[in-house]
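Participant: Pasting in a structure now, in structure tokens, and then I'll have a few things to ask.
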Amino acid sequence: MGSKRLTSMAMGRREDRQTQEPLWIAHTELASAPGHPFYEKLNELLDAERFDPFVEALSAKFYAKKFGRPSLLPGIYFRSLLIGYFEGIEAERGIAWRVADSLGLRRFLGIGLTEATPDHSTLSRTRRLIDLETHEQVFAWVLNLLADRGLLQGKRIGIDATTLEANAAMKSIVRRDTGESYNEFLTGLAKESGMETPTREDLARLDRKREKRTSNKEWMSLTDGDARIAKMKDGSTHLAHKAEHAVDMESGAVVAVTLQAADLGDTTTVHKTLAEAGLAVAELVGREAELHPEDMPKVNVAGVEELVADKGYHSGSVLEQVKALEVSTYIPERKQAGKRNWDGKQSEQQAVEANRSRVTGDYGKQLLRRRGEFLERSFAHCYETGGMRRCTLRGHENILKRLPIHIGAFNISLVLRKMLGAGKPRELKNRAVMLIFCLLEWLTRCYRPDGAVESRTGTILALSATNRFGKPQYRLIWNLSTLTTG
């Protein structure tokens, strides 16, 4: 009887559903869906902090006062860039497509079902309309949000850099002096060596024999003039940019970010990043003193006091200059081939020896461990899972308009992690799955029959180990025998 009831349903055909849609439709008949719990909580946070009035006041000078075509609201524009981080989308085209495809993101942006979602050209035009300073002010607003919740102290700052692949191919490079392309340059070398009509194999063989084939002093990209030839982490050579983070060592929040040429060394770029981090912390201290003069300060009143970095930033001149700023350094020292000559460099020698004694101490070793944790975590979230390892924009100014908002979303995720226990929608979903497994474990323990077969593995979730913070770590163990009777 059960099979007959299941097979008595009419199938229907797709052709029967292809009818002309009605011209008018009631609002109550429109399809609707509940908002995503993560984005609903994010909207509550932004609305409580009056994010939209803030960005509208900043962007008002870029719009016509009375007349003009309908534009994209500043709140929708900056929220769309936040979606790029939370969904791991690198390009504005991908953001526009994702927003048009998701009812939950429509609800997050405040776009009705009868309204069109912003096209990628609208997003790019709004980006070109709003200047870089406004984007940096939005990033500063996020830092204020962290400081108000005690998630940013600014006393200990860690600095590290990574390379971002530029939106330009190596085939586009030309000589700085003559403007020749790479193939034209190789053809000229081949003719000088006696080859009248060199083939592609001959050019490749000649290129392999050259000692140094590409140099930023000799070559440049016509596609992206700010890109530089650099070696990526995987060992490949690309046109790239260098992004440098200044991270708070207490909470992992990114205090400042700079975008510089990829051919500059760490000892050259650290000064700009440290200066911007110091200015950001100083502004937070002044704002806190103005708004809450009687409360206990949450941001370090003395500003940045300690700098933590890897051995790539170690240099006698860097340590001396940072010491002059009254900032203690914790930078591991490179291995020297021989003894250094300190003649006429007494102040530099004192800075190097003081840094060495701090690094070898227990406190210095602890800071270096935290550096590897917090700095690499910001790179992984912003560029690997955040989708900005490869830039889709060209020029430092355009990239810097996207980068602070992208990293600002990472900082907002620290607040959401404190509120929800999850900093991204996928993480919230994974926690829900873990909750279901915990429920299954409880059910198997409480409602197992008396004659059930005992298993060697025990429960579905077994305690495997404890991490260094003392929190238990669990592993999944499927134990179907506890669900059967003896």
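Here, each number is a calculation from the coordinates, and none is a lab measurement. Predicted model, so just to flag it, every value in this text is computed and none were measured. Ideal geometry is used to build each Cβ from the backbone, glycine not excepted, and the neighbour counts take in all protein chains shown.
Participant: Sorted by average packing, counted as other Cβ atoms within 10 angstrom per residue and highest first, what order do 334-346, 382-394, 251-263, 196-208 take?
Facilitator: Going from most to least packed, we get 251-263, 382-394, 196-208, 334-346.
Participant: What number comes out for the charge environment of Leu72, summing +1 per Lys or Arg and -1 per Asp or Glu over other residues with Cβ under 14 Å away?
Facilitator: 0
Participant: While we're on this one: For segment 30-147, what is the per residue volume of the convex hull drawn over the alpha-carbon atoms, in cubic angstrom?
Facilitator: 119 Å³
Participant: With the alpha-carbon atoms as the only input, what is the per residue convex hull volume for segment 370-445 in Å³?
Facilitator: 122 Å³
Participant: With a sphere of radius 15 Å drawn around the Cβ of Leu291, what net charge do the other residues whose Cβ falls strictly inside it have (Lys, Arg +1; Asp, Glu -1)?
Facilitator: Net of charged neighbours comes to -3.
Participant: Pairs to check: Lys231/Lys335; Lys231/Lys345; Lys231/Lys418; Lys311/Lys418. Give those whose C-alpha atoms are more than 31 Å from each other in this structure.
Facilitator: Lys231/Lys345; Lys231/Lys418; Lys311/Lys418
Participant: Then there's this: Could you check the simple spin-label distance between Glu56 and Glu326, using points 7 Å along Cα→Cβ, in nm with one decimal?
Facilitator: Spacing of the two 7 Å Cα→Cβ label points: 4.4 nm.
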